[in-house]
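The values are calculated or read from the model by the stated rules, or taken from the named source; none is laboratory data. For clarity, every value in this text was computed on a predicted model and none was experimentally measured. Every residue, glycine among them, receives a Cβ derived from its backbone with ideal geometry; neighbour counts consider all protein chains shown. Surface areas here come from the heavy atoms of the whole protein model, side chains and all, with no ligands, DNA or RNA. Shrake-Rupley method; radii C 1.70, N 1.55, O 1.52, S 1.80 Å.
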Amino acid sequence: MVKIALAKGRLAEIAIDLLQTSGYRFPDYSKKSRKLVFEDETKTISLTFVKSMDVPIYVEKGATDIGIVGKDILMEIEPDVYEMLDLKMGACRICVAGFPNTKIQRQQLVIGSKYPNVAKKYFQNQGIKTEIIHLNGSVELAPIMGLSDVIVDIVESGKTLKENGLVVLEEMHPISARMIVNKVSLKTKGKIVETLIETLREETKNRYEDC
Ligand code: PRP
């Protein structure tokens, strides 16, 4: 059996839909269930629901063979895994955001972010000194509450920024969901993992014609 780690939420819904279209059905699965592990009818795949930031850890350590996770999290954690496939879903951008009149200059910038490593690296490359405040959510509050000058966060529709009076100041990187694979699993479960990758690659192509 191939074990897949993914995080509950919108990405999981699309991923399960993708797997179901590819022929893997999870009869016990429902959004509301509090169960954390689900097997498909043929017992080929098991899905394990973990926190999104933990997906790479489960895969790197071999607790699961595969993970489905956003590129933002891979950029932050830089796990020792193979990134095999861009699933195109969950498309968004990682951005620097703040109040419209904020100037990003070569001063000491205070940054609020769920992605401290990504933020640090981005500004370090530009020679800008930073103080990073690691937050776990509702990051938009940081400039509003005077905690930081700017934030580094993912922007999807832009609604959260807009409703809080903030704007994108710089676009850093496009983001989408990726399939990652444990390095040992690719050898030991190669055939089944590769079949799964090919199936999802085909289905992704069918859904997102421009890939
Ligand atoms: C994410 C992100 C932004 C928001 C962006 O937060 O951190 O706050 O979504 O989406 P939008 O551009 O479509 O408004 P999430 O919903 O994961 O909640 P969190 O603040 O608790 O992390």
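Tell me whether the stretch 58-66 contains one or more residues that are within 17 Å of the chain's Cα centre (by Cα), within 13 Å of the ligand (Cβ to nearest atom) and modelled with pLDDT of 95 or more.
no
Identify, by number, the condition in (1) touching a Cys at 6+ places or on another chain (Cβ under 7 Å); (2) within 10 Å of the ligand (Cβ to nearest atom); (3) not hydroxyl-bearing (Ser, Thr, Tyr) that Lys159 doesn't meet.
(1)
Is it the case that the stretch 171-186 has a residue that's small (Gly, Ala, Ser), loosely packed, with under 12 Cβ neighbours inside 10 Å and over 16 Å from Ile94 (Cβ atoms)? Even if it seems obvious, please write down each step before you answer.
Going residue by residue through the stretch 171-186, those that are small (Gly, Ala, Ser) are 176-177, 185.
With loosely packed, with under 12 Cβ neighbours inside 10 Å added as a condition, the list becomes none.
The answer is no; no qualifying residue exists.
Go through the stretch 1-18 and give me each residue that's part of a helix (DSSP H, G or I), within 16 Å of the ligand (Cβ to nearest atom) and of a type in the set (D, E, K, R).
Arg10, Glu13
How do the pairs read when you match residues in the stretch 11-38 that are basic (Lys, Arg) with residues anywhere that are not in a loop (DSSP other than H, G, I, E, B), using Cβ under 9 Å and keeping only pairs 6 or more apart or on different chains?
Arg25/Leu19; Lys31/Ala12; Lys31/Glu13; Lys35/Phe49
What are the pairs, 6+ residues apart or on separate chains, where a residue within the stretch 128-139 that is more than 14 Å from the ligand (Cβ to nearest atom) has its Cβ under 7 Å from a residue that is open to solvent by 40 Å² or more (accessible area, probe 1.4 Å) and not polar (S, T, N, Q)?
Here the result reads Ile128/Arg106; Thr130/Lys120; Ile132/Lys120; Ile133/Leu147, each pair linking the stretch 128-139 to a residue that is open to solvent by 40 Å² or more (accessible area, probe 1.4 Å) and not polar (S, T, N, Q).
Six or more apart or on different chains, Cβ under 6 Å: which pairs go from a residue in the stretch 54-74 that's in contact (Cβ under 8 Å) with a residue 12 or more places away in the chain and more than 18 Å from Leu200 (Cα to Cα) to one that's open to solvent by 40 Å² or more (accessible area, probe 1.4 Å) and assigned to a loop (DSSP other than H, G, I, E, B)? Could you list them?
Short answer, once both residue conditions are applied: Glu60/Asp80.
Give me the pairs: first residue in the stretch 100-122 and open to solvent by 70 Å² or more (accessible area, probe 1.4 Å), second residue among the acidic types (Asp, Glu), beta-carbon distance under 6 Å, and six or more apart or on different chains, which are they?
Asn117/Glu76
Look at the stretch 187-201 and say how many of its residues are open to solvent by 60 Å² or more (accessible area, probe 1.4 Å), more than 19 Å from Pro79 (Cβ to Cβ), without any contact (Cβ under 8 Å) to a residue 60 or more places away in the chain and of a type outside the set (Lys, Arg).
Looking only at that region, the number is 3.
Of all residues in the stretch 146-156 being open to solvent by less than 70 Å² (accessible area, probe 1.4 Å) and within 15 Å of the chain's Cα centre (by Cα), which is farthest from the ligand (Cβ to nearest atom)?
Of the stretch 146-156, the ones open to solvent by less than 70 Å² (accessible area, probe 1.4 Å) are 146, 148-155.
Imposing the further condition that a residue be within 15 Å of the chain's Cα centre (by Cα) reduces the set to 152-155.
On the way: Val152: 10, Asp153: 5, Ile154: 5, Val155: 4 Å.
Once the filter is applied, the top-ranked residue is Val152.
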